[in-house]
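Asks: Structure incoming, see below.
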């Protein structure tokens, strides 16, 4: 059993909690940051629900990405840092810097503290948002060699993830010292929900059950299970060949929302009878958006397929993720168990 101490930032987050659970399962001592220590009981409750018995192998430090306070204490004595914390806006901000600056400066704040504490390797959670956006349509799969174009007209969140990751690599090149860096770029994160804090992508599943539309728009996206994303972080943390590399975390290529709906209906049966499986033409979605502003955000992505490759993580790190269908089915099952979805008779 390892006695290494691993710092996981953002321990109350959907991904952060699973990363903690994975690190504990692999025998590490874990320290995690939360914006308020009042979150500790909920984090422990969520870990219990995951089957992770943390006990005294997990400790908490209060630290916020927007301030220096607490970070020296958080990284002290740690061999590794897994930086999963990141601001995610509930809606497009008035000014893009409201998202970009905290994301970039928060990442640099963690890297500086880790370097100064003698951390061996830091793994930063970036996103596929930093890989495949703002580029012309293409039939080839995006890989780790690709970067989103920040000069394009991109939402603030996508731009923030790209600029934050670029700042991290630039920091390592010029000021990183002997510390190593690896980056994980997840696509849409799905998988079992255990608490109230979950990835924004989970809203796609809740939207299907609540019937915002009578069918499925032509939307395409790649999926990764939160458990597999967490495992990839740990592999990127310890594998010698992962140093200086970025890894796309995806179960496979992009799937359609129609495929997702069919998978949920097939796995959950009558409990998912509310999930529509009719494929909607683009014009029907546009007409619906005229009276439902919440749907307008879908319009720029109708029919767009961003193909994605997970070959690097599979071949270099031996990573074998669950299928997209298994992940979204597990998402829906957990939401039903928590009473967070309407059922056929409700």
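Asks: Does residue 234 fit the bill of being more than 22 Å from the chain's Cα centre (by Cα) and part of a helix (DSSP H, G or I)? Show your work before the answer.
Replies: Numbers: more than 22 Å from the chain's Cα centre (by Cα): no; part of a helix (DSSP H, G or I): yes.
Spelling it out, it is not the case that residue 234 is more than 22 Å from the chain's Cα centre (by Cα) and part of a helix (DSSP H, G or I).
Asks: State yes or no: is residue 224 touching a helix residue (DSSP H, G or I) at 6+ places or on another chain (Cβ under 9 Å) and either more than 18 Å from residue 146 (Cα to Cα) or modelled with pLDDT under 95 (or both)?
Replies: Judged against the criteria, residue 224 is a match.
Asks: Could you grab me the full set of residues in region 207-217 that are in contact with a strand residue (DSSP E or B) (Cβ under 9 Å, 6 or more places away or on another chain) and surrounded by 19 or more Cβ atoms within 10 Å (Cβ to Cβ)? Reasoning before the result, please.
Replies: Step one: of region 207-217, the residues in contact with a strand residue (DSSP E or B) (Cβ under 9 Å, 6 or more places away or on another chain) are 208, 215-217.
208, 216, 217 - these are the residues of region 207-217 that are in contact with a strand residue (DSSP E or B) (Cβ under 9 Å, 6 or more places away or on another chain) and surrounded by 19 or more Cβ atoms within 10 Å (Cβ to Cβ).
Asks: Still on this structure, I have one more. Of all residues in region 304-346, how many are touching a strand residue (DSSP E or B) at 6+ places or on another chain (Cβ under 8 Å) and either exposed (fewer than 12 other Cβ atoms within 10 Å of the Cβ) or free of Cβ contacts under 8 Å to residues at least 12 places away in the same chain (or both)?
Replies: The number of residues fulfilling the criteria is 0.
Asks: Within region 130-151, which residues are buried (at least 22 other Cβ atoms within 10 Å of the Cβ) and touching a strand residue (DSSP E or B) at 6+ places or on another chain (Cβ under 9 Å)?
Replies: Result: 130, 131, 132, 142.
Asks: Keeping to region 23-58, report how many residues are assigned to a helix (DSSP H, G or I), more than 15 Å from residue 80 (Cα to Cα) and touching a residue at least 40 places away in the same chain (Cβ under 8 Å).
Replies: 4
Asks: Do we have any residue at all in region 218-235 that's more than 20 Å from residue 128 (Cβ to Cβ), surrounded by fewer than 24 Cβ atoms within 10 Å (Cβ to Cβ) and touching a strand residue (DSSP E or B) at 6+ places or on another chain (Cβ under 7 Å)?
Replies: We begin by selecting, within region 218-235, every residue more than 20 Å from residue 128 (Cβ to Cβ); these are none.
No, that holds for no residue.
Asks: Residue 65 passes all but one of (1) under 19 Å from residue 161 (Cβ atoms); (2) out of contact with any helix residue (DSSP H, G or I) (no Cβ under 6 Å at 6 or more places or on another chain); which number fails?
Replies: Unmet condition: (2).
Asks: OK, next. Would you pick out the residues in region 80-90 that are at pLDDT 95 or above and either part of a strand (DSSP E or B) or farther than 16 Å from residue 22 by Cβ (or both)?
Replies: To start, the set of residues in region 80-90 that are at pLDDT 95 or above comprises 80-84.
80, 81, 82, 83 - these are the residues of region 80-90 that are at pLDDT 95 or above and either part of a strand (DSSP E or B) or farther than 16 Å from residue 22 by Cβ (or both).
Asks: If you go through region 236-261, how many residues are closer than 17 Å to residue 330 by Cβ and surrounded by 20 or more Cβ atoms within 10 Å (Cβ to Cβ)? Step through it out loud before you land on a result.
Replies: Applying the first criterion (closer than 17 Å to residue 330 by Cβ) to region 236-261 yields 249-252, 255, 259-261.
Next, from what is left, pick out any that are surrounded by 20 or more Cβ atoms within 10 Å (Cβ to Cβ): 249-251, 255, 260-261.
Selection size over region 236-261: 6.
Asks: Oh, and also: Any residue in region 66-83 that is over 21 Å from residue 125 (Cβ atoms) sitting within a Cβ distance under 6 Å of a residue that is part of a strand (DSSP E or B)? List the pairs, counting only those 6 or more apart or interchain.
Replies: 73/61; 77/5
Asks: Could I ask something else about it? If you check every pair at least six apart or on different chains, which have Cβ atoms under 6 Å apart with a residue in region 182-205 that is under 20 Å from residue 305 (Cβ atoms) first and a residue that is part of a loop (DSSP other than H, G, I, E, B) second?
Replies: 185/126; 185/127; 185/131; 187/222; 187/250; 189/199
Asks: Anything in region 160-180 that is in contact with a helix residue (DSSP H, G or I) (Cβ under 6 Å, 6 or more places away or on another chain) and within 30 Å of residue 136 (Cα to Cα)? List them, or say none.
Replies: Passing the criteria: 160, 161, 162, 163, 164, 165, 167, 168, 171.
Asks: Would you check which residues across region 184-206 are closer than 16 Å to residue 15 by Cβ, in contact with a strand residue (DSSP E or B) (Cβ under 8 Å, 6 or more places away or on another chain) and either surrounded by fewer than 24 Cβ atoms within 10 Å (Cβ to Cβ) or modelled with pLDDT under 95 (or both) and list them? Talk me through it step by step, then tell me what you get.
Replies: Applying the first criterion (closer than 16 Å to residue 15 by Cβ) to region 184-206 yields 184-203.
From what is left, the residues that are in contact with a strand residue (DSSP E or B) (Cβ under 8 Å, 6 or more places away or on another chain) are 184-191, 199, 201-202.
Passing the criteria: 188, 199, 201, 202.
Asks: Sticking with this structure for a sec: Of the conditions (1) over 20 Å from the mean Cα position of the chain (by Cα); (2) more than 22 Å from residue 19 (Cβ to Cβ), residue 76 clears all except one; give me its number.
Replies: (2)
The values are calculated or read from the model by the stated rules, or taken from the named source; none is laboratory data. Bear in mind the structure is a predicted one, so any value in this text is a computation, not a measurement. Quick reminder, even Gly has a Cβ in these numbers, built from the backbone with ideal geometry, and neighbours come from all protein chains shown.
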